């Protein structure tokens, strides 16, 4: 007998310890006791856990929120320890005032629901849901909203109808907190409800919640819209969901519009490409122009994904080109971080697009990006793509790069330019397309103006001089064209000492086209040459060219000597310094039409014009 009593006392000892710790004033001791519940339940066994432990916990439910939270979490794993689906402590915890505790209790109930069969759900779980759904306190009704979706699919037809009715009542509850909870779980519930009941029962609930007087309810209805749109056919989505979504995008509350902007990519994927083009694109443009900065920021943050999904991959090159023409301008609006994280990958993608118009539009607006993200980010991310495009087979793409190069050079700085782009600029001077050579020549003038004569003397002029000895006469004429533009900005000293000797040496070229271009170049750079050199060197060369056997060379030499340019402009320097001239009547007799013929070589061979057709052979 004594042994039996001792055994009984030993078995009751864990509960006694638990009671003492749960009643202790020290919260930490009570928390430690809660964390030992599974151990205590195992020691007590199934029967005593149900008959003693659970009732005790139910009676002591009113405690610190921290303790209740730990209790709700522990009871979620109690199903095998109680031997059945009766959970009064969790039901009580789902009604407490503290939101964190209620949420944890609901999470535990949802986990318990998945562990039970249909019969137990019908017998125990559904009645619990119904009790919570019609509870006197709004706290129980808010908790009930999160339990419908986890049990619905395994219930009978009649029970499903009851649950839909209860959920409808919660959507129409007088308390905004309950309607907010119902709106937050509507999308989740919609995923398990049959399509016919989705249309007849849940869509009306969605429309009502989206028009609720509380904006906190309306913004959660946007969440439900994402789920519902993905479950319906396109025509049903257009008819049942889109009218409400259009209203939400123009809602009077910025918080609702913000939610639309924040979930825009999910909405885009849910409704599909057709509805996106007809409805979401205008809505997105409106959100980007919203009066509230928070809404604009949320929409701007979705630009990359929205464009990536809809426009960048659009098969129509006009759509992609139009996008490329405007997307760079978003950088100043979005700021540095958003540009780097969201727009920069999009820029790089479009810079590699197979459509040249897309690439051209991106290239022409790169300065917008540089102003925002800075030179380091530009050089690391965009420059490799620019260099790749500089060698593009489409000559118009190369041309656009050249025209942008002076601005890019100023942004990158002289050191970086010399290292990465200087060689590229000189390569363009020998391009097989005349328009590229011409643009590259004009580009040199802008670069010299930006970096100065000293930079030109070190980096440009040696390469120009080397071109004067190139075996291709077109390249030698490009050399003269470069001297024409560079000589005007380098100053008299550089022009006289460096450029003039190169020009004079080319006066002996065996191709008449080069020789008469020497005469034209001397006429152009004459005002930028020191007077002594004009007397001693230029005049002598022009006199010799004026006696050249080729009539074209003689004509342009006489033009330089008299400095009567075809355009009608004159150079006072040449006119005053060079006294030798050819009579006007003699020149007019040679060329009665007033325009020289071009391209006859001294040996009778016809040389091609310097202005080759603007044709890209590729």
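Just so you know, all these numbers are worked out from the coordinates, no wet-lab data involved. The structure presented is a predicted model; accordingly, all values stated were derived computationally and were not measured. As a convention, Cβ positions derive from the backbone with ideal geometry for all residues, glycine included, and neighbour counts pool all protein chains shown.
What translational D, rounded to a whole number of µm²/s, comes out for segment 161-243 from Stokes-Einstein when the hydrodynamic radius is the Kirkwood one over Cα pairs, at 4 °C and 1.567 mPa s?
Estimated via Stokes-Einstein, D reaches 104 µm²/s.
So for segment 144-256, averaging the separation of alpha carbon pairs under 8 Å that are six or more residues apart and normalising by length, what relative contact order in percent results?
25 percent
Using only alpha carbons, build the gyration tensor for segment 442-491 and give me the equivalent ellipsoid semi-axes, biggest first, whole Å.
After diagonalising the Cα gyration tensor, the semi-axes are 20, 11, 7 Å.
Taking 0.36 nm per residue of separation and subtracting the Cα-Cα distance, what length does fully extending residue 391 through residue 124 add?
Contour length minus Cα-Cα distance gives 88.7 nm.
Round to the nearest 0.05 the FRET efficiency obtained for residue 551 and residue 531 when R0 = 25 Å and r is the Cβ-Cβ distance.
My answer for the efficiency is 0.25.
Distance between the C-alpha centers of segment 119-149 and segment 420-495? Whole Å please.
83 Å
Fewest first, what order do 428, 254, 395 take by the number of other Cβ atoms within 10 Å?
Details: 428 24, 254 17, 395 21.
Sorted ascending by nearby Cβ count, the order is 254, 395, 428.
If I take R0 = 22 Å and measure r between the Cβ atoms of residue 543 and residue 466 in this structure, what FRET efficiency does the formula 1/(1 + (r/R0)^6) give, to the nearest 0.05?
Step by step, r from the Cβ atoms, then E = 0.20.
Can you tell me the convex hull volume per residue for segment 493-550, based on C-alpha atoms, in Å³ to the nearest whole number?
Cα-based convex hull of segment 493-550, divided per residue, equals 66 Å³.
Please compute the length gained on full extension between residue 97 and residue 430, using 0.36 nm multiplied by the number of residues separating them and subtracting their Cα-Cα distance.
My answer for the length gained is 111.9 nm.
Set the Förster radius R0 to 22 Å, insert the Cβ-Cβ distance between residue 292 and residue 214 as r into 1/(1 + (r/R0)^6), and round the FRET efficiency to 0.05. Walk me through the numbers on the way to the answer.
Numbers: r = 19 Å, r/R0 = 0.85.
Once the sixth-power term is evaluated, E becomes 0.75.
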